[in-house]
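One structure is given below, encoded as structure tokens.
The values are calculated or read from the model by the stated rules, or taken from the named source; none is laboratory data. Please read all numbers here as calculations on a predicted model, not as lab measurements. Heads up, the Cβs are rebuilt from the backbone with ideal geometry, glycines too, and the neighbour counts pull from every protein chain shown. Quick note on the areas: whole protein, heavy atoms, side chains included, nothing else; ligands and nucleic acids left out. Shrake-Rupley method; radii C 1.70, N 1.55, O 1.52, S 1.80 Å.
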2 protein chains.
Amino acid sequence: MENTYADRIERIRDMMRARGWNAVVISGSDPHGSEYIAPRWHQVAWVSGYDGEGELVITLDHAGLWTDTRYFIQASRQLPGTGIALHKTRVPDQVLIPEWIAAQAAAQTEEYVIAVDGNCQSSGSVEAIAQACRDAGCDVGDTVRIVNAPDLLDGLWTDRPGIPATPIMTLGDEITGESRQERIAWLRDVLEEKGCDAMLLTALDEIAWLLNIRAADIPYNPVCISYLLVTLDEVCWYVTKDDFSRPDEDTLDSFDEIRREGIRILGYDEVAYSVAGMAEDGSIGRLYADPVSLNHNLHTILADVNLVLGPSPVPLRKALKNPTEIAGMRDAHLEDGVAMEKFLYWLEKSLAFGDIVTERDAADKLASLRAGIPGYKGDSFETISAYGPGAALPHYITPQQDAPRLEPHGLYLCDSGGQYIFGTTDITRTVPLGPCTPLEREAYTLVLKGHIDLAMAVFPKGTAGCQLDVLARNPLWQSKRNFGHGTGHGVGFFLNVHEGPQDIRQNFNRQPILPGMITSDEPGIYREGRHGVRHENLILCTEAGRNDFGEWLQFETLTLCHFDTSAIVTSLLTEDEREWLNAYNRRVYETLLPRLGEAVATWLEQKTRPI
Amino acid sequence: MENTYADRIERIRDMMRARGWNAVVISGSDPHGSEYIAPRWHQVAWVSGYDGEGELVITLDHAGLWTDTRYFIQASRQLPGTGIALHKTRVPDQVLIPEWIAAQAAAQTEEYVIAVDGNCQSSGSVEAIAQACRDAGCDVGDTVRIVNAPDLLDGLWTDRPGIPATPIMTLGDEITGESRQERIAWLRDVLEEKGCDAMLLTALDEIAWLLNIRAADIPYNPVCISYLLVTLDEVCWYVTKDDFSRPDEDTLDSFDEIRREGIRILGYDEVAYSVAGMAEDGSIGRLYADPVSLNHNLHTILADVNLVLGPSPVPLRKALKNPTEIAGMRDAHLEDGVAMEKFLYWLEKSLAFGDIVTERDAADKLASLRAGIPGYKGDSFETISAYGPGAALPHYITPQQDAPRLEPHGLYLCDSGGQYIFGTTDITRTVPLGPCTPLEREAYTLVLKGHIDLAMAVFPKGTAGCQLDVLARNPLWQSKRNFGHGTGHGVGFFLNVHEGPQDIRQNFNRQPILPGMITSDEPGIYREGRHGVRHENLILCTEAGRNDFGEWLQFETLTLCHFDTSAIVTSLLTEDEREWLNAYNRRVYETLLPRLGEAVATWLEQKTRPI
């Protein structure tokens, strides 16, 4: 039996031979450097059948997938038969794509041609390949050539989906706390400080934030595929705007509102030549862009423009939520908390009644409860609804059909979140469905200790997330337990559930955690084939006063959903941790009470009794 | 009244005008990049009267001292009248010397000449100045010139001390656990891996470690001013060796022993031309050197040699103590602990009898107790003996005369250490001399919590010190207290009390803490004008087993001296911390008991009763 993917790879090789290419890189991203991507850019999945994160490199005698620890199990299930080898990243002795290709190129005596899909490869990543080749002693531009081949799969992938163009909405100042004109003015000030007179924004959440617009072009990410040019006296938005693609009233109203503010709306495809033209006629002098999200193709076309590459100033500003955004996030967590408590009540009662509940049923039930919330615009990522061994995979995908059934014992893990027009949520609860083993109870308690210790942190201004990370890990480390993912990621305001620049993890990210930043707090313990535990709340960084020793910061927990106390080994908690837990559960109960029906309220009162 | 230092600066300016220099950098280091320096290189102190760490820049209209937070108070006391401005480093918005000079140079329309003492300025630091000038838009080499002016103060500093040349001893394998031939063979393997055929070692503790030699050329650092060239078939040691400078038997025996192993001993001054000559005649191809300790002058002379600059491999290897070194360090801490306990007994009894004891008396008493230990070779740094407000200065210098008297109340801090031929110690005890204020008791307890929490750490292999640092700070942070210095530094084996590459601090040092490394654990709290608390032990990293979650490490405390329990606010300790403290004090008592007289033993039994 022939393998579809092995066949596709052979057809790519036919193309390579025809064009004289020695290696092709298939990107896992889109033209905007996005983490989540629309189906049009599922190129790695189309070629390989593997649908996790990662990138492919195909040569005439090798095909490899590069991905990290989170996806090793998934890759090892999906790759067999395709002829694709797994190249592990985030492991000791990893060889990343640039170095791997460079070694191939350096071993060649003749010309070596590397083709990249310049649309989906960032300018930074292509430069990394070039630099690795130079480091390996290759003469890049001469014996080693990197060919920009945008949409190189188009000839083979005949039913490839188009560029998404969903309805676009605008958000008013009463929701975002700041008008697009204020944000544009801020960006212009930053550009002047940098000695630039224009910036090309390429990352989709940065554009959505700056323009106060939202769409649904990418699943779970309420963004709109577009580019944005901000000069000192003009703003040009490059977006799919024809009546065929976006015929809806919302979009037309949004376009009208935006045009009335003097912002020009141009076609998505016009960006390169429009910007190049403005550089040529002198309307742009020094153009700022971020090489992480500027794609190689655009970079190539803008070769004659005076480009200044550097990190975008938008992510930090966007991460510092203003009071209106914070109020919205609090509301979102109130509504989301009610849905979560109703869900947990339903879960407990259904199992008690002996109903058959699968992981999929549970995920669907939770989605339907969130869908009832006014302002709900979808989930913020695909719900991880995982019972027992499934929960041991931090990035488990709940099957659509024949999902495992929840049993009235052991641990059920549910990691989910909602997008509301006033905020974004992300919560994980690990729920004891009945009797638990000692190892399950230990894991449940140790992870909760780590979660609480980070939530209780007080720290001097200037402290980075990587300097706080150990607070969540130390209680686990004391028992020689650990987890292989980050402890916390930034969360957008009705935007991407993952955003920078801050995080809380072991990487050396120097960005301090600052007031207004919202980050997750989600330690875990995973035992392959047995169980997984993760406890996740979102925490808001707030001021904690100033004294002789400096300025102090702390966290306020935004998430409102109780932690089940039945699986806790109380003797493992310190007095402070126990007090934190009791106070948190009490706050959840008291805050949600006015919005709960009698049955759920009575149940929650019992679930939140102090231990 | 004229100021000596203002006058010296004017004489330097006369020289600058005569030679056409616009700026002069006066280094705070020596030709080997040392942290502690011999009197010959106290150039900053000779020019400015300030004798802490720091560097000076003198221009025709400005004189500035650059130093960090530890020395602000000292500088503000010693600089008035000199005309020297204090430039603060390790503060937000710091402008370091390279950027400061570059700004001066960039503001100049004519030629700008910067003179550096190439002997005492590392090649890396001179390159940093050049790079900053280039970044500021200057044409380095043309309008901006950096002039190598070794020993530029010689004409003015007429009674400048010579290069020290103290007796040199060798250490046998029974002490170091490894012969110099084994260490040389290891280095040759590393060089071959790097594709180099020689290394010029320039850091003094690296040379002492590799050759298993010790001297006393620098106060507190048992090193010998020298250079060492290791090629694949030769070893050349460049050291002051004439009979006039080093006439002693020990040195002659050491030289004989070393020569018998085929190591060539050449004059200290011969290094540059000897190495250059070997490069010219082809005995050296690619020469490895570390730009942090290679001085600019040598770098300049070796301009035609094929130099490969990079971090020296020696510090990491040296930091990973072998079993013999670890056994020696344990012995050193046993002997040192006995001296410390005798000292603390003497202190308590003297004050109880109403004797007059000054900070200086206490320091002298401790030194005399250490001096009685066989193998004692001096202190490992200048003892900080500080009562009350003095202890609030982490780098307090105890006056030689009229030192403050210890009162029978409040806190006395003593930070000290010894050099023994079998190891190096570094210990701080903060001693309650009688009743303490609530703030003193709180500080004493919180710092002890931080100390204990780090000492109790268990962590996965690969964890860096900066990822553990918060363990020592978190108990302080919870009460909004902090300290402005690192938590831990590496400690040498009968070598420098400060060594790399590891440390435990908030800097982003990626070096993991590995088995065999010895590091200090010394959090503190300082209240200007009131009191200071620091608790310091040395901790050895050891293996802690392997399980499903990976490989685990932990710390073993080497220091053996009880912590006084009388100032502890017991309710602030967790159960785990209290147990650690009781177990540690019990271990100290039981381990030292066989070596204590009856009076001290009885007293220590009482001091170490569990709380």
Failed criterion for A:S274 (all others in (1) out of contact with any Cys (no Cβ under 8 Å at 6 or more places or on another chain); (2) surrounded by fewer than 18 Cβ atoms within 10 Å (Cβ to Cβ); (3) under 22 Å from A:D197 (Cα atoms) hold): (1)
All positions within region B:20-70 that are closer than 18 Å to B:N295 by Cα, open to solvent by 30 Å² or more (accessible area, probe 1.4 Å) and in contact with a Phe, Trp or Tyr (Cβ under 9 Å, 6 or more places away or on another chain): B:Y36, B:E55
Matching residues, region B:242-271, being open to solvent by 70 Å² or more (accessible area, probe 1.4 Å), under 13 Å from B:I168 (Cβ atoms) and within 28 Å of the chain's Cα centre (by Cα): B:D250
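Scan region A:545-562 for residues that are open to solvent by less than 30 Å² (accessible area, probe 1.4 Å), part of a loop (DSSP other than H, G, I, E, B) and not hydrophobic (A, V, I, L, M, F, W, C) and jot them down.
Going through region A:545-562, the residues open to solvent by less than 30 Å² (accessible area, probe 1.4 Å) turn out to be A:550, A:552-553, A:555, A:557-562.
Imposing the further condition that a residue be part of a loop (DSSP other than H, G, I, E, B) reduces the set to A:558-562.
Within region A:545-562, A:T559, A:H562 qualify.
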Failed item in (1) under 30 Å from B:D364 (Cβ atoms); (2) open to solvent by 30 Å² or more (accessible area, probe 1.4 Å); (3) of a type outside the set (G, A, S), with B:D336 passing the rest: (2)
Residues of region A:487-510 satisfying the condition of being closer than 21 Å to A:L448 by Cβ and either within 13 Å of another protein chain (Cβ to nearest Cβ) or modelled with pLDDT under 95 (or both): A:T487, A:I504, A:R505, A:Q506
Which numbered condition B:R317 fails, given (1) open to solvent by less than 50 Å² (accessible area, probe 1.4 Å); (2) over 22 Å from B:K607 (Cβ atoms): (1)
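Here is a list: A:S274, A:S226. Which entry is of a type in the set (S, T, Y) and under 22 Å from the mean Cα position of the chain (by Cα)? Break it down into steps so the answer makes sense when it comes.
Values: A:S274 fails: under 22 Å from the mean Cα position of the chain (by Cα).
Going through A:S274, A:S226 in turn, the sole match is A:S226.
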Those residues of region B:511-557 which are of a type in the set (D, E, K, R), within 11 Å of chain A (Cβ to nearest Cβ) and under 24 Å from A:N482 (Cα atoms), in sequence order: B:R546, B:D548, B:E551
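In this structure, is B:Q419 polar (S, T, N, Q), under 30 Å from B:Q78 (Cβ atoms) and in contact (Cβ under 8 Å) with a residue 60 or more places away in the chain?
Working: polar (S, T, N, Q): yes; under 30 Å from B:Q78 (Cβ atoms): yes; in contact (Cβ under 8 Å) with a residue 60 or more places away in the chain: yes.
It is true that B:Q419 is polar (S, T, N, Q), under 30 Å from B:Q78 (Cβ atoms) and in contact (Cβ under 8 Å) with a residue 60 or more places away in the chain.
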Residue satisfying condition, being touching a Leu at 6+ places or on another chain (Cβ under 7 Å) and among the aliphatic types (A, V, I, L, M), within set B:L320, B:L316, B:L266: B:L320
Positions within region A:95-113 being closer than 19 Å to A:G54 by Cβ, open to solvent by 80 Å² or more (accessible area, probe 1.4 Å) and free of Cβ contacts under 8 Å to residues at least 12 places away in the same chain, in sequence order: none
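Give the residue, chosen from B:E522, B:E575, B:E528, that is open to solvent by 10 Å² or more (accessible area, probe 1.4 Å), farther than 25 Å from B:L433 by Cβ and not hydrophobic (A, V, I, L, M, F, W, C).
Numbers: B:E522 fails: farther than 25 Å from B:L433 by Cβ; B:E528 fails: farther than 25 Å from B:L433 by Cβ.
That would be B:E575, the only listed residue that is open to solvent by 10 Å² or more (accessible area, probe 1.4 Å), farther than 25 Å from B:L433 by Cβ and not hydrophobic (A, V, I, L, M, F, W, C).
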Among residues of region A:278-287, those that are open to solvent by less than 30 Å² (accessible area, probe 1.4 Å) and assigned to a helix (DSSP H, G or I), counted: 2
Only one of B:T565, B:T542 that is surrounded by fewer than 21 Cβ atoms within 10 Å (Cβ to Cβ) and either among the basic types (K, R) or not in a loop (DSSP other than H, G, I, E, B) (or both): B:T542
Verdict on B:G434 being away from chain A (no Cβ under 14 Å) and open to solvent by 20 Å² or more (accessible area, probe 1.4 Å): yes
Residue list for region A:471-481, filter: buried (at least 22 other Cβ atoms within 10 Å of the Cβ) and within 8 Å of chain B (Cβ to nearest Cβ): A:L471, A:N474, A:W477, A:R481
Residues being within 14 Å of chain A (Cβ to nearest Cβ) and surrounded by 21 or more Cβ atoms within 10 Å (Cβ to Cβ) - total across region B:437-454: 8
Among (1) within 21 Å of A:P475 (Cβ to Cβ); (2) away from chain A (no Cβ under 14 Å); (3) loosely packed, with under 15 Cβ neighbours inside 10 Å, the one test that B:P594 misses: (1)
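Within 21 Å of A:D205 (Cβ to Cβ) and basic (K, R): does that describe A:K321? Talk me through it step by step, then tell me what you get.
Working: within 21 Å of A:D205 (Cβ to Cβ): yes; basic (K, R): yes.
Yes.
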Contacts under 6 angstrom Cβ, first residue in region A:277-303 being more than 13 Å from A:L200 (Cβ to Cβ), partner among the hydrophobic types (A, V, I, L, M, F, W, C), 6 or more apart: A:H296/A:V126
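Those residues that are more than 14 Å from chain B (Cβ to nearest Cβ) and either open to solvent by less than 50 Å² (accessible area, probe 1.4 Å) or within 21 Å of A:R441 (Cβ to Cβ) (or both), I need them from region A:578-588; list them, please. Step through it out loud before you land on a result.
Residues of region A:578-588 that are more than 14 Å from chain B (Cβ to nearest Cβ), as a first pass: A:581-588.
Within region A:578-588, A:L581, A:N582, A:A583, A:Y584, A:N585, A:V588 meet the criteria.
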A:A303 open to solvent by 60 Å² or more (accessible area, probe 1.4 Å), small (G, A, S) and over 30 Å from A:L540 (Cα atoms): yes
Enumerated helices (runs of 4 or more DSSP H) restricted to region A:149-238, each holding at least 3 residues that are open to solvent by less than 10 Å² (accessible area, probe 1.4 Å): A:180-193, A:204-211
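Which one of these is aromatic (F, W, Y), touching an Asp or Glu at 6+ places or on another chain (Cβ under 6 Å) and over 28 Å from A:G52 (Cα atoms): A:F422, A:F353? Outline the logic, then answer.
Details: A:F353 fails: touching an Asp or Glu at 6+ places or on another chain (Cβ under 6 Å).
Only one candidate qualifies: A:F422.
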Some residue of region A:471-483 being among the aliphatic types (A, V, I, L, M) and within 25 Å of the chain's Cα centre (by Cα): yes
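Could you please find all residues in region B:558-577 being of a type in the set (G, A, S) and either away from every other protein chain (no Cβ under 14 Å) or in contact with an Asp or Glu (Cβ under 7 Å, 6 or more places away or on another chain) (or both)? Walk me through it before giving the result.
Taking region B:558-577 first, the residues of a type in the set (G, A, S) are B:566-567, B:571.
Within region B:558-577, B:S566, B:A567 meet the criteria.
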